[in-house]
Structures are given as structure tokens and as C-alpha cells.
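Chemist: Got a structure for you, questions after.
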Amino acid sequence: MFEKFSSALAVLKLFPGCSCDYFQPGDDIRAVLIVAYGAGTIPLQTGDLPARIDHWLRQGKLVVLDSEAHGGRIEPQLYESGSRLLEMGVISAGDMTFEAAATKLMFLLGQYEQPELIRGNFQKSLAGELSELP
């Protein structure tokens, strides 16, 4: 029943000093997974990444924020950039590993066409990959 996976996922791995100008997810991409810094922050002072994210969201793409940090839950609301992303509609990956978040997105993209169903199911633990919020 649930056996379809979709590769309509693009991954953007941030690193200090990176320019994201090269990153242009195509029309066939339905979700973008951003691997951010620490608690889930992105650079606000350089480049136009927030504007790009807003554009992707307006195109109907899901945007998910994960962290390069190993262990623990990302808490994007702790910093200005993360709070801004959450207000825009970016989804937090919580305490999922990158591998779990990417696989879960590919699975959900294969099951559903409606972004709201993908968003809702992404924020639930389906197989123990996400701790419940306190």
C-alpha cells in the first residue's frame, strides 16, 4: 500500500560563507530540505536566502529546516533567522536526523499530492523517527 517514494526533493547544505545563488530547485521539485547551522539558523546578513525560501513557498514547495548538529532537537525559534523561517511557513525537522527527514519527505511525497497532508504527516512520528513534543 505505502510503497511509493518520490525523488522530487532537493537538499541545500549550508556552510559558512556559502553563496546559495547556484541553488535553483526546478519545477519538478516539490520539497526543499535545508541543512542549517546548529539550532536551525541560516545567514541573514549575506545573500538572499530568505527571499529565495519565500519564493519557493509561494511556488507551493514545502521547505523543511534540519540541522547539521548531531543529536538533540533543532530549535529555530531561539534565533531571529529561525523564527523568521517558521513565520514564513518553513517546517522544523525537530530531532530527526538528516537521513530520517530526507527519507520521510521522499516517502510522503510519494504518497500524497496535497502539501497540507505531507506537512501534517511530516510533523508526526510515523516510525519512531521523531520524538513527541513535550
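The values are calculated or read from the model by the stated rules, or taken from the named source; none is laboratory data. It should be emphasised that the depicted structure is a prediction, and the values quoted were computed from it without experimental measurement. Neighbour counts run over all protein chains shown; Cβ positions are idealised from the backbone, glycine included.
Chemist: Take the residues in the stretch 49-70 that are part of a helix (DSSP H, G or I) and touching a Leu at 6+ places or on another chain (Cβ under 7 Å); name whichever of them is nearest to Ile34 (Cα to Cα). Lay out the reasoning, then the answer.
Modeler: Filtering the stretch 49-70 for residues part of a helix (DSSP H, G or I) gives 49-58.
Applying the additional criterion that residues be touching a Leu at 6+ places or on another chain (Cβ under 7 Å) yields 50, 53.
Working: Pro50: 12, Ile53: 10 Å.
By that ranking, first place goes to Ile53.
Chemist: Let me ask something else. Sort out which residues of the stretch 93-131 are within 19 Å of Leu65 (Cβ to Cβ) and of a type in the set (Asp, Glu), and write them in order of number.
Modeler: Asp95, Glu99, Glu116, Glu129, listed by residue number.
Chemist: Among the residues of the stretch 39-52, is there at least one that is touching a Pro at 6+ places or on another chain (Cβ under 6 Å), surrounded by 17 or more Cβ atoms within 10 Å (Cβ to Cβ) and modelled with pLDDT of 75 or more?
Modeler: Checking the stretch 39-52: not a single residue is touching a Pro at 6+ places or on another chain (Cβ under 6 Å), surrounded by 17 or more Cβ atoms within 10 Å (Cβ to Cβ) and modelled with pLDDT of 75 or more.
Chemist: Okay, moving on. Just to check your reading of the model, which residue among Phe23, Phe15, Phe5 is modelled with pLDDT under 85 and aromatic (Phe, Trp, Tyr)?
Modeler: Exactly one residue qualifies, and that residue is Phe15.
Chemist: If a residue has to be farther than 27 Å from Pro43 by Cα and in a loop (DSSP other than H, G, I, E, B) to count, how many in the stretch 85-130 make the cut?
Modeler: Final tally of qualifying residues: 9.
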